[in-house]
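The values are calculated or read from the model by the stated rules, or taken from the named source; none is laboratory data. Nothing here was measured: the structure is a model prediction, and the numbers come from that model. Heads up, the Cβs are rebuilt from the backbone with ideal geometry, glycines too, and the neighbour counts pull from every protein chain shown. Keep in mind that these areas ignore ligands, DNA and RNA; they rest on the heavy atoms of the full protein, side chains included. Shrake-Rupley method; radii C 1.70, N 1.55, O 1.52, S 1.80 Å.
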Amino acid sequence: MKLRYLATVVLLVLTTVAAHAQSQGNVGLYFNPIATRVSNSVADTGPFAFLGANSKSQYFVGFDLGGFYDFFHTTSLDTGLDVRYSDQHANNAALHGFNIGLRVAGHPFARPIKPYAVASFGYGTTKAPNSTVTVKKVDYGIFGGVDYTLARHVDFRAIEVGYGSLTTVSSATVGAGGNVAIPASKLLSFSSGLVFRF
């Protein structure tokens, strides 16, 4: 199944959940720009170098689409699920991710400031520059951020910072020479934008 179709299905499911769960929990949808620094301790010298020939890092930019459903509430914490899809590009390479995670949001301060954290896992798909070769691997991510309430159903996501790991396409994973072994790349992401709550 292509990732864009999967993202569309996820969005439709989250919208349906929002329609049925307005009185039972806090549902939010977001579509935000994202920038990710992908880095590796070993430079790929082969023909399928994801970060570019002999490069150890690259910035990828794109969008982050997702939603959350907080189904458990206390006086100071909300807990639920977060589902997200990201589509990013750089150096003629592509990075796609689909993650599901546990979300904890707090309101320890006077509203409208709401910090949150997400621990997620899923899979990432990477495409090498100037090639149709892709590799799909399991990845994980930890995200934290702060939402600021603008209106009854709209929050401003002031900042979200994420950290994760993913084994990307490389000359080693494709079996086309180059380095003998390339470790998983580190992903450091930054995002900001709007959250629509129902």
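Scan the stretch 158-179 residue by residue and report those that are part of a strand (DSSP E or B) and surrounded by 15 or more Cβ atoms within 10 Å (Cβ to Cβ).
In the first step, residues of the stretch 158-179 are kept if they are part of a strand (DSSP E or B); the result is 158-166.
If the condition is that a residue be part of a strand (DSSP E or B) and surrounded by 15 or more Cβ atoms within 10 Å (Cβ to Cβ), then Glu160, Gly162, Gly164, Ser165, Leu166 are the ones that fit.
Given the criterion open to solvent by 30 Å² or more (accessible area, probe 1.4 Å), at negative phi, without any contact (Cβ under 8 Å) to a residue 40 or more places away in the chain and out of contact with any Gly (no Cβ under 9 Å at 6 or more places or on another chain), identify the matching residue among Phe109, Phe121. Can you show your working first?
Details: Phe121 fails: out of contact with any Gly (no Cβ under 9 Å at 6 or more places or on another chain).
Result: Phe109 is the single residue among Phe109, Phe121 that is open to solvent by 30 Å² or more (accessible area, probe 1.4 Å), at negative phi, without any contact (Cβ under 8 Å) to a residue 40 or more places away in the chain and out of contact with any Gly (no Cβ under 9 Å at 6 or more places or on another chain).
One residue stands out among those in the stretch 151-171 that are among the aliphatic types (A, V, I, L, M) and within 14 Å of Lys136 (Cα to Cα): the one that is modelled with the lowest pLDDT, which is Val169.
With respect to Asp155, determine if the residue is touching a residue at least 24 places away in the same chain (Cβ under 8 Å), more than 18 Å from the chain's Cα centre (by Cα) and either within 22 Å of Phe98 (Cα to Cα) or assigned to a strand (DSSP E or B) (or both). Spelling it out, Asp155 is indeed touching a residue at least 24 places away in the same chain (Cβ under 8 Å), more than 18 Å from the chain's Cα centre (by Cα) and either within 22 Å of Phe98 (Cα to Cα) or assigned to a strand (DSSP E or B) (or both).
Residue-by-condition table, conditions (1) modelled with pLDDT of 85 or more; (2) within 20 Å of the chain's Cα centre (by Cα); (3) charged (D, E, K, R); (4) in a strand (DSSP E or B):
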site: Leu12; (1), (2), (3), (4): no, yes, no, no
site: Gln24; (1), (2), (3), (4): no, no, no, no
site: Ser55; (1), (2), (3), (4): yes, no, no, no
site: Gly62; (1), (2), (3), (4): yes, yes, no, yes
site: Gly66; (1), (2), (3), (4): yes, yes, no, yes
site: Asp87; (1), (2), (3), (4): yes, yes, yes, yes
site: His96; (1), (2), (3), (4): yes, yes, no, yes
site: Ile100; (1), (2), (3), (4): yes, yes, no, yes
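In summary, Thr125 fulfils each of the numbered conditions (1) part of a strand (DSSP E or B); (2) more than 20 Å from Ser185 (Cα to Cα); (3) β-branched (Val, Ile, Thr) with the single exception of condition (2).
Hey, any hits in the stretch 72-80 for a residue that's under 10 Å from the mean Cα position of the chain (by Cα), touching a residue at least 24 places away in the same chain (Cβ under 8 Å) and at negative phi? Full working, then the answer.
So the first thing to find is which residues in the stretch 72-80 are under 10 Å from the mean Cα position of the chain (by Cα), and the list is none.
Checked against the condition, which is being under 10 Å from the mean Cα position of the chain (by Cα), touching a residue at least 24 places away in the same chain (Cβ under 8 Å) and at negative phi, the stretch 72-80 yields no hits at all.
With the structure loaded, tell me whether Val146 is in contact with a Phe, Trp or Tyr (Cβ under 7 Å, 6 or more places away or on another chain), more than 27 Å from Ala43 (Cα to Cα), part of a strand (DSSP E or B) and modelled with pLDDT of 90 or more or whether it fails that test. Please lay out each step first, then the result.
Numbers: in contact with a Phe, Trp or Tyr (Cβ under 7 Å, 6 or more places away or on another chain): no; more than 27 Å from Ala43 (Cα to Cα): yes; part of a strand (DSSP E or B): yes; modelled with pLDDT of 90 or more: yes.
Criteria not met by Val146.
Within the stretch 55-99, if we keep just the residues that are in contact with a His (Cβ under 9 Å, 6 or more places away or on another chain) and acidic (Asp, Glu), the residue that is surrounded by the most Cβ atoms within 10 Å (Cβ to Cβ) turns out to be Asp78.
Looking at the stretch 131-156, which of the residues that are open to solvent by 80 Å² or more (accessible area, probe 1.4 Å) and aliphatic (A, V, I, L, M) is nearest to Asn91 (Cα to Cα)? Top of the filtered list is Val138.
Restricting attention to the stretch 103-111, does a residue exist that is among the small types (Gly, Ala, Ser) and closer than 26 Å to Thr168 by Cα? The answer is no; no qualifying residue exists.
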